Amino acid sequence: MSKLVLIFVLLITLNSFSQNKPVLYNFAELPQTLLLNPGLEVNYKYHVGLPLLSGVSSEIGLTGFTVADIFAVDSKTIRDKISSVLNTINSSDYLKINSQIEVFSAGFRFDQKTYISFGFYQELDAVGYLPKDLLTLVNEGNSAYLNRTFSISQLLYKLDFLGVIHAGITRRVSDQLTLGGRFKIYSSALNLETTNNYGTFTTNSGNNNVYIQRLDNINLNLRSSGLVKNNEYIDDANTYLKNTFLGGNLGVGLDFGLTYHISPQLQFSGSMIDVGFVNHKKNIKNKKTAGSFTFEGIEFEFDASNRNYWEELETAFKEQILSTENNESYISWRPAKLNAAIKYSFGEKRSQYCYDNTFKEFYTDAFGAQLYSVFRPLRQQFALTGFYEKSFSNKVHAKVTYTVDNYSYYNLGIGVSTQVGKINFYGILDNIAELSDISNSNNISLQFGFNLLFN
(Lines give C-alpha, C1' and ligand atoms only; values in the text may rest on other atoms or scores of the structure.)
Protein backbone atom coordinates (compact mmCIF):
# COMPACT_ATOMS: atom_id res chain seq x y z
CA MET A 1 0.00 0.00 0.00
CA SER A 2 2.85 2.41 0.76
CA LYS A 3 4.23 1.82 -2.74
CA LEU A 4 0.84 2.57 -4.27
CA VAL A 5 0.58 5.82 -2.34
CA LEU A 6 4.11 6.81 -3.43
CA ILE A 7 3.32 6.10 -7.09
CA PHE A 8 0.06 8.04 -6.88
CA VAL A 9 1.76 11.09 -5.36
CA LEU A 10 4.58 11.01 -7.93
CA LEU A 11 2.16 10.88 -10.84
CA ILE A 12 0.16 13.81 -9.49
CA THR A 13 3.35 15.80 -8.93
CA LEU A 14 4.78 15.14 -12.38
CA ASN A 15 1.58 15.78 -14.33
CA SER A 16 -1.05 18.44 -14.01
CA PHE A 17 -4.00 19.69 -16.08
CA SER A 18 -7.62 20.10 -15.06
CA GLN A 19 -10.58 18.48 -16.79
CA ASN A 20 -13.55 20.86 -16.86
CA LYS A 21 -12.17 24.11 -18.29
CA PRO A 22 -15.02 26.63 -18.47
CA VAL A 23 -12.63 29.58 -18.75
CA LEU A 24 -10.43 28.00 -21.43
CA TYR A 25 -13.31 26.79 -23.61
CA ASN A 26 -13.53 28.96 -26.77
CA PHE A 27 -11.29 31.63 -25.20
CA ALA A 28 -9.09 33.96 -27.26
CA GLU A 29 -8.61 31.40 -30.07
CA LEU A 30 -5.92 29.62 -28.04
CA PRO A 31 -4.62 26.35 -29.57
CA GLN A 32 -5.57 24.53 -26.35
CA THR A 33 -9.24 25.23 -27.06
CA LEU A 34 -9.01 22.71 -29.92
CA LEU A 35 -8.58 19.95 -27.32
CA LEU A 36 -11.96 20.94 -25.90
CA ASN A 37 -13.64 21.36 -29.28
CA PRO A 38 -11.84 20.53 -32.56
CA GLY A 39 -14.51 22.54 -34.35
CA LEU A 40 -13.60 25.90 -32.80
CA GLU A 41 -12.32 28.64 -35.11
CA VAL A 42 -8.65 29.60 -35.36
CA ASN A 43 -7.21 32.44 -37.46
CA TYR A 44 -3.45 31.83 -37.51
CA LYS A 45 -1.21 30.06 -40.03
CA TYR A 46 0.43 27.70 -37.56
CA HIS A 47 1.31 27.31 -33.90
CA VAL A 48 3.90 25.55 -31.77
CA GLY A 49 3.43 24.87 -28.09
CA LEU A 50 6.44 25.22 -25.82
CA PRO A 51 7.30 21.64 -24.78
CA LEU A 52 5.94 20.82 -21.31
CA LEU A 53 4.76 24.44 -20.92
CA SER A 54 2.00 24.90 -23.50
CA GLY A 55 -0.66 23.54 -21.16
CA VAL A 56 -0.16 23.14 -17.41
CA SER A 57 -2.83 23.11 -14.72
CA SER A 58 -4.15 21.18 -11.74
CA GLU A 59 -7.54 20.39 -10.25
CA ILE A 60 -8.75 18.58 -7.14
CA GLY A 61 -12.43 18.28 -6.29
CA LEU A 62 -14.17 16.89 -3.21
CA THR A 63 -17.89 16.82 -2.44
CA GLY A 64 -19.66 16.32 0.88
CA PHE A 65 -17.03 17.94 3.12
CA THR A 66 -13.76 19.88 3.09
CA VAL A 67 -10.33 19.33 4.59
CA ALA A 68 -11.10 21.96 7.22
CA ASP A 69 -14.07 19.91 8.46
CA ILE A 70 -11.57 17.36 9.80
CA PHE A 71 -8.33 19.25 10.40
CA ALA A 72 -9.45 22.71 11.50
CA VAL A 73 -7.93 23.82 14.81
CA ASP A 74 -10.78 23.93 17.34
CA SER A 75 -11.99 22.26 20.51
CA LYS A 76 -13.42 19.17 18.77
CA THR A 77 -11.52 15.88 18.61
CA ILE A 78 -10.61 14.24 15.31
CA ARG A 79 -12.93 11.35 16.11
CA ASP A 80 -15.88 13.71 16.65
CA LYS A 81 -15.08 15.54 13.41
CA ILE A 82 -14.89 12.32 11.42
CA SER A 83 -18.19 11.14 12.91
CA SER A 84 -19.77 14.47 11.97
CA VAL A 85 -18.49 14.18 8.41
CA LEU A 86 -19.78 10.60 8.12
CA ASN A 87 -23.22 11.83 9.16
CA THR A 88 -23.07 14.48 6.43
CA ILE A 89 -21.79 12.61 3.38
CA ASN A 90 -23.62 10.07 1.23
CA SER A 91 -22.45 7.35 -1.15
CA SER A 92 -22.70 9.67 -4.18
CA ASP A 93 -20.05 12.05 -2.80
CA TYR A 94 -16.61 11.63 -4.32
CA LEU A 95 -12.99 12.71 -4.58
CA LYS A 96 -11.75 13.59 -8.06
CA ILE A 97 -8.24 14.34 -9.28
CA ASN A 98 -7.64 15.12 -12.93
CA SER A 99 -4.32 16.16 -14.39
CA GLN A 100 -2.73 16.45 -17.81
CA ILE A 101 0.36 18.01 -19.35
CA GLU A 102 1.01 18.78 -23.00
CA VAL A 103 4.38 17.23 -23.78
CA PHE A 104 4.31 18.77 -27.26
CA SER A 105 1.70 20.31 -29.55
CA ALA A 106 1.67 22.01 -32.94
CA GLY A 107 -0.59 22.84 -35.85
CA PHE A 108 -0.51 24.27 -39.36
CA ARG A 109 -2.90 25.58 -41.97
CA PHE A 110 -3.36 23.09 -44.80
CA ASP A 111 -5.35 25.54 -46.92
CA GLN A 112 -7.54 28.57 -46.41
CA LYS A 113 -10.36 26.47 -44.95
CA THR A 114 -8.49 23.67 -43.16
CA TYR A 115 -6.32 23.63 -40.04
CA ILE A 116 -4.43 20.53 -38.86
CA SER A 117 -3.33 20.13 -35.22
CA PHE A 118 -1.51 17.31 -33.45
CA GLY A 119 0.44 16.52 -30.30
CA PHE A 120 0.99 14.28 -27.30
CA TYR A 121 -0.17 14.73 -23.72
CA GLN A 122 -0.22 12.70 -20.52
CA GLU A 123 -3.29 12.50 -18.34
CA LEU A 124 -4.10 11.29 -14.85
CA ASP A 125 -7.81 10.90 -14.13
CA ALA A 126 -9.03 9.45 -10.83
CA VAL A 127 -12.43 9.37 -9.17
CA GLY A 128 -13.36 7.55 -5.98
CA TYR A 129 -16.81 7.57 -4.41
CA LEU A 130 -17.02 7.71 -0.64
CA PRO A 131 -18.25 4.32 0.68
CA LYS A 132 -20.17 5.73 3.64
CA ASP A 133 -21.21 2.34 5.01
CA LEU A 134 -17.68 0.92 5.01
CA LEU A 135 -16.15 4.12 6.42
CA THR A 136 -18.73 4.18 9.23
CA LEU A 137 -18.06 0.52 10.02
CA VAL A 138 -14.28 1.08 10.18
CA ASN A 139 -14.56 4.26 12.24
CA GLU A 140 -17.25 3.28 14.74
CA GLY A 141 -17.39 -0.51 14.69
CA ASN A 142 -20.50 -2.63 14.48
CA SER A 143 -21.68 -2.95 18.09
CA ALA A 144 -23.73 0.25 17.86
CA TYR A 145 -25.38 -0.83 14.61
CA LEU A 146 -27.17 -4.08 15.39
CA ASN A 147 -29.43 -5.28 12.55
CA ARG A 148 -28.16 -2.54 10.23
CA THR A 149 -27.05 -3.71 6.80
CA PHE A 150 -23.79 -2.26 5.47
CA SER A 151 -23.52 -2.35 1.67
CA ILE A 152 -20.33 -3.25 -0.18
CA SER A 153 -21.75 -1.92 -3.45
CA GLN A 154 -20.65 1.59 -2.41
CA LEU A 155 -17.02 0.65 -3.06
CA LEU A 156 -16.45 2.28 -6.45
CA TYR A 157 -13.31 3.88 -7.86
CA LYS A 158 -11.36 4.28 -11.09
CA LEU A 159 -7.86 5.60 -11.78
CA ASP A 160 -6.21 6.01 -15.18
CA PHE A 161 -2.75 7.27 -16.05
CA LEU A 162 -2.14 7.31 -19.78
CA GLY A 163 -0.59 9.10 -22.73
CA VAL A 164 -2.57 10.36 -25.72
CA ILE A 165 -1.19 10.79 -29.25
CA HIS A 166 -3.67 12.85 -31.25
CA ALA A 167 -4.27 14.49 -34.61
CA GLY A 168 -7.21 16.70 -35.50
CA ILE A 169 -8.69 18.58 -38.41
CA THR A 170 -10.71 21.82 -38.29
CA ARG A 171 -12.49 22.86 -41.47
CA ARG A 172 -14.54 25.95 -42.23
CA VAL A 173 -17.45 24.58 -44.26
CA SER A 174 -19.05 27.99 -44.79
CA ASP A 175 -18.96 31.48 -43.35
CA GLN A 176 -21.40 30.27 -40.68
CA LEU A 177 -20.24 26.69 -39.95
CA THR A 178 -16.92 25.18 -38.84
CA LEU A 179 -16.59 21.43 -38.16
CA GLY A 180 -13.80 19.44 -36.55
CA GLY A 181 -12.70 16.00 -35.46
CA ARG A 182 -9.76 14.45 -33.63
CA PHE A 183 -8.39 10.91 -33.61
CA LYS A 184 -6.60 9.67 -30.48
CA ILE A 185 -4.38 6.72 -29.62
CA TYR A 186 -4.38 5.97 -25.89
CA SER A 187 -1.43 4.29 -24.17
CA SER A 188 -2.41 3.32 -20.62
CA ALA A 189 0.44 3.06 -18.12
CA LEU A 190 -1.78 2.36 -15.11
CA ASN A 191 -5.42 1.44 -14.56
CA LEU A 192 -7.05 0.61 -11.22
CA GLU A 193 -10.81 0.15 -10.98
CA THR A 194 -13.62 -1.66 -9.25
CA THR A 195 -17.26 -1.62 -10.31
CA ASN A 196 -20.41 -3.77 -10.04
CA ASN A 197 -19.66 -4.85 -6.47
CA TYR A 198 -22.46 -6.07 -4.23
CA GLY A 199 -23.08 -7.86 -0.95
CA THR A 200 -23.82 -6.88 2.65
CA PHE A 201 -22.44 -7.11 6.18
CA THR A 202 -24.88 -7.38 9.09
CA THR A 203 -24.53 -7.84 12.85
CA ASN A 204 -27.41 -9.46 14.80
CA SER A 205 -27.86 -10.58 18.39
CA GLY A 206 -26.65 -14.16 18.73
CA ASN A 207 -28.11 -17.29 20.29
CA ASN A 208 -24.90 -19.02 21.35
CA ASN A 209 -22.85 -15.83 21.57
CA VAL A 210 -23.39 -12.10 21.91
CA TYR A 211 -23.33 -11.35 18.19
CA ILE A 212 -23.74 -13.07 14.83
CA GLN A 213 -21.72 -11.54 11.97
CA ARG A 214 -23.07 -12.16 8.47
CA LEU A 215 -21.40 -11.59 5.11
CA ASP A 216 -24.16 -12.22 2.57
CA ASN A 217 -23.81 -12.69 -1.18
CA ILE A 218 -20.42 -10.96 -1.39
CA ASN A 219 -19.15 -10.17 -4.89
CA LEU A 220 -16.06 -7.95 -5.07
CA ASN A 221 -14.16 -7.33 -8.32
CA LEU A 222 -10.80 -5.51 -8.41
CA ARG A 223 -9.06 -4.96 -11.76
CA SER A 224 -5.63 -3.52 -12.50
CA SER A 225 -3.21 -3.18 -15.40
CA GLY A 226 0.30 -1.78 -15.42
CA LEU A 227 0.68 -2.12 -11.66
CA VAL A 228 2.25 -5.59 -11.35
CA LYS A 229 4.92 -7.24 -13.48
CA ASN A 230 6.26 -10.72 -12.78
CA ASN A 231 4.30 -10.75 -9.50
CA GLU A 232 6.07 -7.62 -8.24
CA TYR A 233 4.69 -4.12 -7.91
CA ILE A 234 6.16 -1.55 -10.29
CA ASP A 235 7.33 1.23 -7.99
CA ASP A 236 9.46 3.25 -10.44
CA ALA A 237 7.61 6.40 -11.57
CA ASN A 238 9.80 6.63 -14.71
CA THR A 239 8.46 3.27 -15.87
CA TYR A 240 4.92 4.63 -15.80
CA LEU A 241 5.98 7.77 -17.67
CA LYS A 242 7.68 5.70 -20.41
CA ASN A 243 4.64 3.48 -20.80
CA THR A 244 2.46 6.47 -21.69
CA PHE A 245 4.08 6.59 -25.16
CA LEU A 246 3.01 3.38 -26.93
CA GLY A 247 4.49 1.29 -24.14
CA GLY A 248 1.38 0.27 -22.28
CA ASN A 249 -2.11 -1.00 -23.06
CA LEU A 250 -3.51 0.62 -26.19
CA GLY A 251 -6.88 2.05 -27.18
CA VAL A 252 -8.48 4.56 -29.52
CA GLY A 253 -10.82 7.51 -29.19
CA LEU A 254 -12.54 10.28 -31.13
CA ASP A 255 -13.48 13.93 -30.56
CA PHE A 256 -16.16 15.80 -32.50
CA GLY A 257 -17.04 19.48 -32.51
CA LEU A 258 -18.63 22.39 -34.33
CA THR A 259 -19.08 26.16 -34.30
CA TYR A 260 -22.12 27.76 -35.92
CA HIS A 261 -22.84 31.48 -36.34
CA ILE A 262 -26.58 31.93 -36.01
CA SER A 263 -26.00 35.61 -36.77
CA PRO A 264 -22.90 37.84 -36.93
CA GLN A 265 -23.21 38.37 -33.17
CA LEU A 266 -24.75 35.08 -31.95
CA GLN A 267 -22.69 31.90 -31.94
CA PHE A 268 -23.30 28.28 -30.87
CA SER A 269 -20.55 25.70 -30.29
CA GLY A 270 -20.56 22.14 -29.05
CA SER A 271 -18.33 19.09 -28.74
CA MET A 272 -18.12 15.49 -27.57
CA ILE A 273 -14.67 14.53 -26.28
CA ASP A 274 -12.97 11.22 -25.47
CA VAL A 275 -15.43 8.79 -27.03
CA GLY A 276 -13.14 5.78 -26.76
CA PHE A 277 -11.70 2.87 -24.80
CA VAL A 278 -8.50 1.12 -23.77
CA ASN A 279 -7.98 -2.63 -24.18
CA HIS A 280 -5.87 -3.77 -21.22
CA LYS A 281 -3.73 -6.83 -22.03
CA LYS A 282 -0.33 -6.25 -20.39
CA ASN A 283 0.67 -6.61 -16.73
CA ILE A 284 -2.85 -7.57 -15.68
CA LYS A 285 -3.77 -8.58 -12.14
CA ASN A 286 -7.43 -9.03 -11.29
CA LYS A 287 -8.95 -10.32 -8.06
CA LYS A 288 -12.47 -11.59 -7.43
CA THR A 289 -13.95 -12.38 -4.03
CA ALA A 290 -17.35 -14.08 -3.76
CA GLY A 291 -19.43 -16.06 -1.27
CA SER A 292 -21.28 -15.87 2.06
CA PHE A 293 -20.07 -16.45 5.61
CA THR A 294 -21.70 -16.49 9.06
CA PHE A 295 -19.67 -16.19 12.25
CA GLU A 296 -21.03 -16.54 15.78
CA GLY A 297 -17.77 -16.69 17.68
CA ILE A 298 -15.48 -19.57 18.62
CA GLU A 299 -16.59 -22.26 21.07
CA PHE A 300 -13.46 -23.16 23.01
CA GLU A 301 -13.06 -26.68 24.40
CA PHE A 302 -11.09 -26.60 27.64
CA ASP A 303 -9.29 -29.91 27.33
CA ALA A 304 -5.86 -31.12 26.47
CA SER A 305 -6.36 -30.91 22.69
CA ASN A 306 -4.03 -28.72 20.67
CA ARG A 307 -6.66 -27.41 18.27
CA ASN A 308 -5.72 -24.29 16.35
CA TYR A 309 -9.02 -22.44 16.53
CA TRP A 310 -7.86 -19.45 14.48
CA GLU A 311 -6.55 -21.67 11.71
CA GLU A 312 -9.88 -23.53 11.61
CA LEU A 313 -11.71 -20.21 11.38
CA GLU A 314 -9.45 -19.00 8.59
CA THR A 315 -9.92 -22.26 6.68
CA ALA A 316 -13.71 -22.07 7.01
CA PHE A 317 -13.69 -18.46 5.88
CA LYS A 318 -11.58 -19.21 2.78
CA GLU A 319 -13.78 -22.16 1.88
CA GLN A 320 -16.93 -20.05 1.93
CA ILE A 321 -15.54 -16.68 0.75
CA LEU A 322 -13.49 -17.63 -2.28
CA SER A 323 -10.79 -15.28 -3.59
CA THR A 324 -9.31 -15.92 -7.03
CA GLU A 325 -6.79 -14.06 -9.15
CA ASN A 326 -6.49 -13.98 -12.94
CA ASN A 327 -4.69 -12.20 -15.76
CA GLU A 328 -7.63 -11.83 -18.12
CA SER A 329 -7.70 -8.82 -20.42
CA TYR A 330 -10.48 -6.25 -20.08
CA ILE A 331 -11.77 -3.06 -21.67
CA SER A 332 -11.93 0.26 -19.81
CA TRP A 333 -14.01 3.10 -21.26
CA ARG A 334 -12.76 6.66 -21.23
CA PRO A 335 -14.90 9.29 -19.43
CA ALA A 336 -16.68 10.92 -22.39
CA LYS A 337 -17.33 14.65 -22.02
CA LEU A 338 -19.92 16.99 -23.54
CA ASN A 339 -19.64 20.75 -24.08
CA ALA A 340 -22.25 23.15 -25.43
CA ALA A 341 -22.11 26.95 -25.38
CA ILE A 342 -24.02 29.94 -26.69
CA LYS A 343 -22.27 33.32 -26.99
CA TYR A 344 -23.53 36.80 -27.89
CA SER A 345 -20.96 39.40 -28.97
CA PHE A 346 -21.42 43.17 -28.71
CA GLY A 347 -19.55 46.40 -28.09
CA GLU A 348 -17.03 48.12 -30.34
CA LYS A 349 -16.37 46.41 -33.65
CA ARG A 350 -12.68 45.90 -34.48
CA SER A 351 -10.66 44.06 -37.13
CA GLN A 352 -7.97 41.41 -36.76
CA TYR A 353 -5.34 40.38 -39.32
CA CYS A 354 -5.80 36.76 -40.46
CA TYR A 355 -3.83 34.02 -42.16
CA ASP A 356 -5.25 34.81 -45.65
CA ASN A 357 -4.10 38.46 -45.66
CA THR A 358 -7.60 39.65 -44.80
CA PHE A 359 -9.05 41.24 -41.72
CA LYS A 360 -11.64 39.51 -39.53
CA GLU A 361 -14.12 41.69 -37.70
CA PHE A 362 -14.83 40.98 -34.05
CA TYR A 363 -16.57 42.64 -31.10
CA THR A 364 -14.78 43.71 -27.95
CA ASP A 365 -17.34 42.20 -25.56
CA ALA A 366 -19.31 38.97 -25.28
CA PHE A 367 -21.38 37.05 -22.78
CA GLY A 368 -22.97 33.63 -22.79
CA ALA A 369 -23.46 30.28 -21.11
CA GLN A 370 -21.80 26.88 -21.30
CA LEU A 371 -23.04 23.43 -20.26
CA TYR A 372 -20.50 20.72 -19.41
CA SER A 373 -21.06 17.05 -18.61
CA VAL A 374 -18.78 14.07 -17.99
CA PHE A 375 -19.80 10.41 -17.82
CA ARG A 376 -18.65 8.82 -14.55
CA PRO A 377 -19.03 5.25 -13.19
CA LEU A 378 -21.97 6.12 -10.91
CA ARG A 379 -23.72 8.86 -12.87
CA GLN A 380 -23.14 11.86 -15.10
CA GLN A 381 -21.73 15.01 -13.53
CA PHE A 382 -22.82 18.45 -14.78
CA ALA A 383 -21.61 22.03 -14.62
CA LEU A 384 -23.32 25.21 -15.85
CA THR A 385 -21.22 28.30 -16.51
CA GLY A 386 -22.08 31.89 -17.29
CA PHE A 387 -19.26 34.00 -18.75
CA TYR A 388 -18.24 37.47 -19.87
CA GLU A 389 -15.35 38.14 -22.28
CA LYS A 390 -13.51 41.39 -22.90
CA SER A 391 -10.94 42.16 -25.60
CA PHE A 392 -8.81 45.14 -24.59
CA SER A 393 -6.90 44.94 -27.90
CA ASN A 394 -6.14 42.41 -30.64
CA LYS A 395 -3.51 40.89 -28.34
CA VAL A 396 -5.00 41.14 -24.83
CA HIS A 397 -8.15 39.27 -23.79
CA ALA A 398 -9.85 38.45 -20.50
CA LYS A 399 -12.69 36.19 -19.44
CA VAL A 400 -14.67 35.92 -16.21
CA THR A 401 -16.85 32.89 -15.40
CA TYR A 402 -19.40 31.93 -12.77
CA THR A 403 -19.92 28.16 -12.48
CA VAL A 404 -22.50 26.08 -10.66
CA ASP A 405 -21.51 22.43 -10.23
CA ASN A 406 -21.34 19.59 -7.68
CA TYR A 407 -18.71 21.43 -5.67
CA SER A 408 -20.10 24.93 -5.33
CA TYR A 409 -22.84 27.35 -6.34
CA TYR A 410 -20.44 30.29 -6.55
CA ASN A 411 -17.28 29.21 -8.38
CA LEU A 412 -15.79 32.39 -9.82
CA GLY A 413 -13.02 32.01 -12.41
CA ILE A 414 -10.86 34.40 -14.39
CA GLY A 415 -8.54 34.05 -17.38
CA VAL A 416 -6.14 36.34 -19.22
CA SER A 417 -4.48 35.81 -22.61
CA THR A 418 -1.83 38.11 -24.04
CA GLN A 419 0.52 38.02 -27.01
CA VAL A 420 3.88 39.77 -27.33
CA GLY A 421 5.28 39.33 -30.81
CA LYS A 422 4.82 35.65 -31.61
CA ILE A 423 4.71 34.54 -27.96
CA ASN A 424 1.31 33.92 -26.43
CA PHE A 425 0.78 33.42 -22.70
CA TYR A 426 -2.42 32.57 -20.90
CA GLY A 427 -3.23 32.09 -17.25
CA ILE A 428 -6.47 30.86 -15.68
CA LEU A 429 -7.59 30.55 -12.09
CA ASP A 430 -10.82 28.94 -10.89
CA ASN A 431 -12.70 29.34 -7.62
CA ILE A 432 -10.85 32.53 -6.71
CA ALA A 433 -13.34 33.31 -3.90
CA GLU A 434 -11.91 30.37 -1.91
CA LEU A 435 -8.21 31.14 -2.36
CA SER A 436 -7.95 32.86 1.01
CA ASP A 437 -8.80 29.56 2.73
CA ILE A 438 -8.11 26.60 0.43
CA SER A 439 -8.79 24.09 3.22
CA ASN A 440 -12.43 25.21 3.18
CA SER A 441 -12.74 24.83 -0.58
CA ASN A 442 -14.25 21.86 -2.40
CA ASN A 443 -12.50 22.58 -5.69
CA ILE A 444 -9.30 24.32 -6.81
CA SER A 445 -8.03 24.64 -10.39
CA LEU A 446 -5.06 26.46 -11.96
CA GLN A 447 -4.02 26.61 -15.64
CA PHE A 448 -1.33 28.38 -17.67
CA GLY A 449 0.63 27.92 -20.88
CA PHE A 450 2.93 29.37 -23.55
CA ASN A 451 2.52 29.13 -27.33
CA LEU A 452 4.14 30.51 -30.45
CA LEU A 453 1.46 31.84 -32.82
CA PHE A 454 2.16 32.82 -36.41
CA ASN A 455 -0.42 34.80 -38.42
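The values are calculated or read from the model by the stated rules, or taken from the named source; none is laboratory data. Small disclaimer: the values here were computed from a predicted structure and weren't measured. As a convention, Cβ positions derive from the backbone with ideal geometry for all residues, glycine included, and neighbour counts pool all protein chains shown. The area values use the complete protein model at the heavy-atom level, side chains included, leaving out ligands, DNA and RNA. Shrake-Rupley method; radii C 1.70, N 1.55, O 1.52, S 1.80 Å.
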Practice task
With the full set of protein chains in place, find how many percent of the accessible area of segment 135-252 is carbon and sulfur; take the probe as 1.4 Å.
Solution key: 52
Completion exercise
Here the net charge surrounding Tyr157, from other residues whose Cβ is less than 12 Å away from its Cβ (Lys, Arg +1; Asp, Glu -1), is +1
Practice task
Along Cα→Cβ, 7 Å out, is where each label goes; now give me the distance between the ones at Asp111 and Asn142 in nm to one decimal.
Solution key: 7.1
Practice task
Return the lysines within reach of Lys360: Cα separation strictly under 16 angstrom, same-chain partners fewer than 8 residues apart disregarded; answer none if there are no such residues.
Solution key: Lys45, Lys113, Lys349, Lys395
Handout entry: Three-way shape call for segment 213-263 based on the alpha-carbon gyration tensor, with the a/c threshold at 1.5
Key = oblate
Practice task
Measure out, as a whole number of angstrom, how far apart the alpha-carbon centroids of segment 96-173 and segment 372-433 sit.
Solution key: 19
Handout entry: For the chain: relative contact order, % (alpha-carbon pairs under 8 angstrom, 6 or more apart)
Key = 17
Handout entry: Helix-only mean residue ellipticity at 222 nm for the chain, each DSSP H run of n ≥ 4 adding -39500 (n - 2.57), per residue, nearest 500
Key = -3500 deg cm²/dmol
Exercise for the section: Under 1.5 on a/c is rounded, so check that first for segment 17-63, then, if it is not, pick prolate when a/b is larger than b/c and oblate when it is not; a ≥ b ≥ c are the square roots of the alpha carbon gyration tensor eigenvalues. Expected result: oblate
Practice task
May I ask for the angle, rounded to the nearest 10°, between helix 2-14 and the longest principal axis of the chain, with both axes built from Cα atoms and the value confined to 0 to 90°?
Solution key: 10
Exercise for the section: Could you state how much accessible area Phe245 has, in square angstrom rounded to the nearest 10, with a 1.4 Å probe and all protein chains kept in place? Expected result: 110
Exercise for the section: Go through Tyr25, Tyr233 and list them by solvent-accessible area, largest first, probe radius 1.4 Å. Expected result: Tyr233, Tyr25
Completion exercise
The helix 78-88 Cα axis meets the longest alpha-carbon principal axis of the chain at an angle in degrees, between 0 and 90 and rounded to 10, of 70
Practice task
Decide, for segment 166-241, between rounded, prolate and oblate: order the square roots of the alpha carbon gyration tensor eigenvalues as a ≥ b ≥ c, take rounded if a/c falls under 1.5, and otherwise choose prolate if a/b is larger than b/c, else oblate.
Solution key: oblate
Completion exercise
Quick tally, 1.4 Å probe accessible area for Ile116, Ile423, sorted with the most first, runs Ile423, Ile116
Completion exercise
With the charge dipole of segment 317-393 built from beta-carbon charges (+1 for Lys and Arg, -1 for Asp and Glu) about the Cα centre, the Cα from Phe375, Phe346, Ser332 projecting farthest to the positive end belongs to Phe346
Practice task
Please give the helix 309-320 orientation as an angle from the longest Cα principal axis of the chain, in degrees from 0 to 90, rounded to the nearest 10.
Solution key: 50
Fill in the blank from the handout: With all protein chains present and a 1.4 Å probe, the order of Asp175, Asp111 from largest accessible area down is Asp175, Asp111
Handout entry: Local electrostatic count at Gly248 - Lys and Arg +1, Asp and Glu -1, tallied over other residues with Cβ under 10 Å
Key = +3
Exercise for the section: Please report, in debye to the nearest 20, how large the charge dipole of the chain is about its Cα centre when each Lys and Arg carries +1 at its beta carbon and each Asp and Glu carries -1 there. Expected result: 1700
Completion exercise
Once Lys and Arg are counted +1 and Asp and Glu -1 for all other residues with Cβ under 15 Å from that of Glu328, the total becomes +4
Handout entry: Thr136 accessible area, assembled protein chains, probe 1.4 Å, Å²
Key = 10
